[in-house]
Amino acid sequence: MIDRLNHPDYDRWAAQIKRSGGCRQPIHLRGKVEHYDQATGHLLHRYTTRTEPDGILRVPCKTRRATRCPACAETYRADTYQLVRTGLVGGKGVPETVSAHPCLFVTLTAPSFGAVHVRREKSGKVLPCHARRNAETCPHGQVMSCTRRHSAEDACLGEPLCPDCYDYEGSVLFNAISPELWRRFTEALRRRFAKLSGLTLKALREQAVISFAKVAEYQRRGIVHFHAVIRLDGPDGPTSPPPAWATAEALADAVQHAAAVVTADVKPLSRTFRWGEQLDVRRITMDGELTEQAVAAYIAKYATKAAECVGTLDRRIQPLDDLAALSIRDHARRLIAACMRLGSLDALADLRLIQWAHMLGFRGHFSTKSRRYSTTLGQLRAAREEHQRAEDITTGRLPLFDEDTVLVIAHWEYAGQGLSAGELLLAAAITGTQLPTAGSGAR
Ligand SMILES: [Zn+2]
Ligand SMILES: [Zn+2]
Ligand SMILES: [Zn+2]
């Protein structure tokens, strides 16, 4: 830290850090950018990292995972919020009239794979977890009842009453198959909505389009469930109003039906998976009980979380990792072990369960949306970079060129990643971000 502070190029280093927005594990790039006049071939401007501190440029890692880099995850969260919100109220190229389109907030859950400890509340009172009169005793001698009123922080929440009875294989297979189940759900929804409207699928497309934005969230038991915004548009997407007959009620009917009927098979094991019975379908309105703001914030909150909130690892499990030695909850360990066991079966190779064991079998995207929903993360990033470029031109760091007459040649190479322990402390002070915990640092 002292070395860095006393170094003659400290100011430039600090400027790089500031610009990377407090990224905890910036990517190091080595390279140059040259601007040539296309007509004369004259070099107009050259930027090279050779004169930068350590001969490198530090750029943000752009991870979405808060455990790895809080600053970049925050950017991702904010972008996801904007992306969901513009699909609800307009902005960033989406017209404001979109807020009048029928729109639902839907939560699709996983089925049960065995009784787990839960905290249930009813009108402000915490209920007993699993109160059963004449509760059965399982083959392992465990009485399948729990009368405790669990606190919200209780470590046993989400853990099975009897781990030996719990269907760990079913749990990780559901995670693995859930992206396919979601895809089938969206198809079934379109088909059902067309049928309710008395149209063929093709005829429906000419009058109305259904678009989605969804996030996956891990429940305490280690299974993903999905929260989705489902919106009805006219044939041209958010810019066109849906026909009057395409109502939120009809859409909700179609959602209920589609969620109940779709299945996805894991054929080699003769297992069929479907959504759980808990299905939540609510209307999103400007001023109702569920506002657009609330939905966007809710969805964005989950965009930066991964399986580590269940108590597993935020990295891939290596074949040589000793599962018993990992400092994780026993429930997570058993879920990971199920992934490793099933992943070694040739017939299930497609599910790539070993590679995704740290995600408890889920290999889907955390937030996805259909093409027509709103803007994209890429567009939001490009807008931010354009803003930065404009700032660089105003402050004289970059000369202003006419892009049509200038040839830009850039060459970049990866030169590492991360900050040293001392640099991390300085970076936190410069950018006003959280101090890192032990274990994060240069890699
Ligand atoms: Zn970062
Ligand atoms: Zn319990
Ligand atoms: Zn048992």
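So the values come out like this:
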| item | result |
| --- | --- |
| Test: residue in the stretch 18-27 that is part of a strand (DSSP E or B) and of a type in the set (D, E, K, R) | no |
| Test: residue in the stretch 3-15 that is within 30 Å of Thr376 (Cβ to Cβ) and buried (at least 20 other Cβ atoms within 10 Å of the Cβ) | no |
| Residue match in the stretch 135-145 (condition: more than 13 Å from ligand 2 (Cβ to nearest atom) and at pLDDT below 90) | yes |
| Residue among Thr67, Thr97, Thr80, Thr48 that alone is out of contact with any Leu (no Cβ under 7 Å at 6 or more places or on another chain), of a type outside the set (Gly, Ala, Ser) and crowded, with 21+ Cβ neighbours inside 10 Å | Thr80 |
| The stretch 266-310, subset small (Gly, Ala, Ser) and open to solvent by 20 Å² or more (accessible area, probe 1.4 Å), residue modelled with the lowest pLDDT | Gly288 |
| Pairs where the first residue, in the stretch 157-176, is within 21 Å of Gly343 (Cβ to Cβ) and polar (S, T, N, Q) and the second is open to solvent by less than 40 Å² (accessible area, probe 1.4 Å) and more than 16 Å from ligand 3 (Cβ to nearest atom), C-beta under 6 Å, 6+ apart | Ser171/Ile223; Asn175/Val224; Asn175/Leu360; Asn175/Gly361; Asn175/Phe362 |
| Members of the stretch 52-64 found to be buried (at least 19 other Cβ atoms within 10 Å of the Cβ), of a type in the set (Lys, Arg) and either under 16 Å from the mean Cα position of the chain (by Cα) or within 16 Å of ligand 3 (Cβ to nearest atom) (or both), listed by number | Arg64 |
| Residues of the stretch 105-142 classified as part of a strand (DSSP E or B) and open to solvent by less than 70 Å² (accessible area, probe 1.4 Å), total | 8 |
| Subset of the stretch 84-94 (residues that are in contact (Cβ under 8 Å) with a residue 40 or more places away in the chain and open to solvent by 20 Å² or more (accessible area, probe 1.4 Å)) | Arg85, Val89, Lys92, Gly93 |
| Residues located in the stretch 143-181, provided they are open to solvent by less than 60 Å² (accessible area, probe 1.4 Å), among the hydrophobic types (A, V, I, L, M, F, W, C) and either away from ligand 3 (no atom under 12 Å from the Cβ) or farther than 29 Å from Leu345 by Cα (or both) | Met144, Cys146, Ala152, Cys156, Leu157, Val172, Leu173, Phe174, Ala176, Ile177, Leu181 |
| Residue pairs meeting the criteria (Cβ under 9 Å; at least 6 apart or on separate chains; first under 18 Å from Ala66 (Cα atoms) and not assigned by TED's automatic domain parsing to the domain that holds Tyr76, in the stretch 1-26; second within 16 Å of ligand 2 (Cβ to nearest atom) and open to solvent by less than 40 Å² (accessible area, probe 1.4 Å)) | none |
| Among residues of the stretch 45-83, those that are among the polar types (S, T, N, Q), assigned to a helix (DSSP H, G or I) and without any contact (Cβ under 8 Å) to a residue 24 or more places away in the chain, counted | 2 |
| Thr40 among the β-branched types (Val, Ile, Thr), open to solvent by 30 Å² or more (accessible area, probe 1.4 Å) and more than 21 Å from Ala382 (Cβ to Cβ) | yes |
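The values are calculated or read from the model by the stated rules, or taken from the named source; none is laboratory data. Since the structure is predicted, the reported quantities are computational estimates derived from the model, not experimental observations. Virtual Cβ from ideal backbone geometry, glycine too; neighbours counted across all protein chains shown. All accessible areas refer to the heavy atoms of the entire protein, side chains included, with ligands and DNA or RNA removed. Shrake-Rupley method; radii C 1.70, N 1.55, O 1.52, S 1.80 Å.
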